[in-house]
Amino acid sequence: MLRSAISDYHDVDEIYRKLDRLITQPIRPIARPVMQEYLAYFEQRCAKSKEMIDVAKEYIPGGVQHNLAFNYPHPVVFTKAEGAHLYDLDGNRYIDFLQAGGPTVLGSNFPAVREKIQALIADCGPSTGLFHEYELKIARKICELYPSVDLFRMLGSGTESVMAAIRVARLATRKKKIVKLGGAYHGWSDQMVYGLRIPGTRGFEAHGIPSACRRHTQEVKPNDIDALESTLNWNRIRGGTAAVILEPIGPESGTRPVAFDYNQKVRELCNRYDALLIFDEVVSAFRIGLSGAQGYFDVTPDMTVFGKVVAGGYPSAGGLGGRRDLMEHLAAGLQGNKKRAMVGGTMAANPLSSAAGYYTICEIEKNDACVKAGQAGDRLTAGLNRIIDKHNLPFVAYNQASICHLETSATMFIPFSLIGIRNFLKEVKSRKHMMEEMGAAYMAEGIVTLAGSRMYTSMADTDEVIDDALTRFERVLEKTEPTQSS
Ligand SMILES: Cc1ncc(COP(=O)(O)O)c(C=O)c1O
């Protein structure tokens, strides 16, 4: 078995106990005068960014194109990425714990991959629409590393790949129902904008999506095997379940972790209820280990969704792999005697993305990058927990290898209740604003995080980088103070 980056599986019950405690307390934001100083950083040190974003607002909705980083008080414009660091338009340097939202396990802009891509572009440009050897190379590499993958089809994004997985599952099983875990994000297709972020919210965020699109999507409480069984049982006499889809590390990149044996139990239930098991490894593949979270948990899914690292931080990152009989439904062209699940994409499996993914995976393998990035994640989390204990803070830090969580406002843990909807929305507003402030404060201290609560570490994060980050984190965390009421 390939080496996994998780050194020690965390105590899931203990994490939930701490998170429960955090969510029942009033928020503890940064002291007001200190927050004013942090906001002044953006005025004084990010003036060129602000100027550009003000112009961008004339042309781009909200002035920015992507949702990954919080943009409070305004987005910052980045001009250079190198290893563990990012540089903005005004020349400020940051420790980069966003890592493009996850794909760059090697660190940003890894030279050995970049050189191969530059050579490829010089030869054939980024795409031809026709077969290139790298299409074979990346498919063969993934089939070698993932025993559950007999065939691999590269696609344009994680969202598309989830759509393809669901389409194949429905075609192969002739069933319709798809079960996901509450709070999980599996991309933004019509049928998957359901039960996002906070379990139980169902179609709450499905603005602009007819309810018929999610008629066959169901959510169950995460980490609760009985809840899954009762849904599968309910479906049994109503046409059955086509597939259960989940992130094996838990919804939202493990923000809601699952017990170590949860995935195995889900596998058994899928077998018993004749449903397919789809692992969404968009985040965990090539990060938890070269054979993904499925290698670590030693559980075999029927299909695996890939994204992010599969193109090493280059564009068009998506793919679907799985059992031969299922994947054959994705045969391109007119051949094949099976009914075909329609998928496509002008840019799918273009030479640039295929080569970037292939060389990234080779470099990860050569450098043992998942393990190194995981050790950096362990060091960061241990340091954050020391800071939390030292200052007697209610915050919660935990990690799965290089995927690190620092919950200070626990926004995703607010219990959803339609009956108490006003209080729910009020709570979301104040806790989300605290997350924005934390994100801005980290940024002013020279650290870029994902939405002020998640950090991806990479192989470029040496002990010095992590220790430097911890000093900066401590300066923010020690300046939080309790509010009188939530
Ligand atoms: C678990 C998971 N699945 C699917 C997706 C969607 O991938 P993409 O952004 O490439 O469409 C994401 C994106 O963050 C993700 O985290």
- prompt: Out of (1) in contact with a Leu (Cβ under 6 Å, 6 or more places away or on another chain); (2) within 16 Å of the ligand (Cβ to nearest atom), the odd one out for residue 252 is which?
  reply: (1)
- prompt: Just wondering, is there one or more residues in the stretch 213-222 that are over 21 Å from residue 285 (Cα atoms), open to solvent by less than 30 Å² (accessible area, probe 1.4 Å) and touching a Cys at 6+ places or on another chain (Cβ under 9 Å)?
  reply: no
statement: By residue number, the members of the stretch 168-186 that are within 12 Å of the ligand (Cβ to nearest atom) and either without any contact (Cβ under 8 Å) to a residue 40 or more places away in the chain or open to solvent by 10 Å² or more (accessible area, probe 1.4 Å) (or both) are 185
statement: If we ask which residues in the stretch 230-249 are within 15 Å of the ligand (Cβ to nearest atom) and either polar (S, T, N, Q) or touching a Lys or Arg at 6+ places or on another chain (Cβ under 6 Å) (or both), their number turns out to be 1
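Return yes when residue 28 is in a helix (DSSP H, G or I), more than 23 Å from the chain's Cα centre (by Cα), of a type outside the set (Phe, Trp, Tyr) and closer than 28 Å to residue 388 by Cβ and no when it is not. It would help to see each step written out before you state the result.
Values: in a helix (DSSP H, G or I): no; more than 23 Å from the chain's Cα centre (by Cα): yes; of a type outside the set (Phe, Trp, Tyr): yes; closer than 28 Å to residue 388 by Cβ: yes.
So residue 28 does not fit the description; no.
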- prompt: Counting just the residues of the stretch 266-288 that are open to solvent by less than 10 Å² (accessible area, probe 1.4 Å) and in a helix (DSSP H, G or I), which one comes out nearest to the ligand (Cβ to nearest atom)?
  reply: 266
task: Name, by its number, the condition in (1) hydroxyl-bearing (Ser, Thr, Tyr); (2) at pLDDT below 95; (3) open to solvent by 40 Å² or more (accessible area, probe 1.4 Å) that does not hold for residue 4.
output: (3)
Top-ranked residue of the stretch 302-312 - restricted to ones that are more than 10 Å from the ligand (Cβ to nearest atom), within 30 Å of residue 113 (Cα to Cα) and more than 13 Å from the chain's Cα centre (by Cα), ranked as surrounded by the fewest Cβ atoms within 10 Å (Cβ to Cβ): 303
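Give the stretch 126-140 a look and list any residue that's in a helix (DSSP H, G or I) and surrounded by 12 or more Cβ atoms within 10 Å (Cβ to Cβ), or say none. Reasoning before the result, please.
Here is the first cut: in the stretch 126-140, the residues in a helix (DSSP H, G or I) are 133-140.
The answer is 134, 135, 136, 137, 138, 139, 140.
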query: Of all residues in the stretch 454-478, how many are part of a loop (DSSP other than H, G, I, E, B) and either buried (at least 23 other Cβ atoms within 10 Å of the Cβ) or in contact with a Phe, Trp or Tyr (Cβ under 9 Å, 6 or more places away or on another chain) (or both)?
result: 5
message: Given (1) farther than 28 Å from residue 129 by Cβ; (2) open to solvent by 10 Å² or more (accessible area, probe 1.4 Å); (3) within 12 Å of the ligand (Cβ to nearest atom), identify the lone condition not met by residue 200.
response: (3)
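Counting residues that are surrounded by fewer than 17 Cβ atoms within 10 Å (Cβ to Cβ), which strands (runs of 3 or more DSSP E) fully inside the stretch 48-121 reach at least 3?
Values: elements: 78-82, 85-88, 93-96.
Output list reads 78-82.
The values are calculated or read from the model by the stated rules, or taken from the named source; none is laboratory data. The shown structure was predicted, so the numbers you read here are calculated from the model rather than taken from an experiment. Every residue, glycine among them, receives a Cβ derived from its backbone with ideal geometry; neighbour counts consider all protein chains shown. Side chains are part of the model used for accessible areas, which takes the heavy atoms of the whole protein and leaves out ligands, DNA and RNA. Shrake-Rupley method; radii C 1.70, N 1.55, O 1.52, S 1.80 Å.
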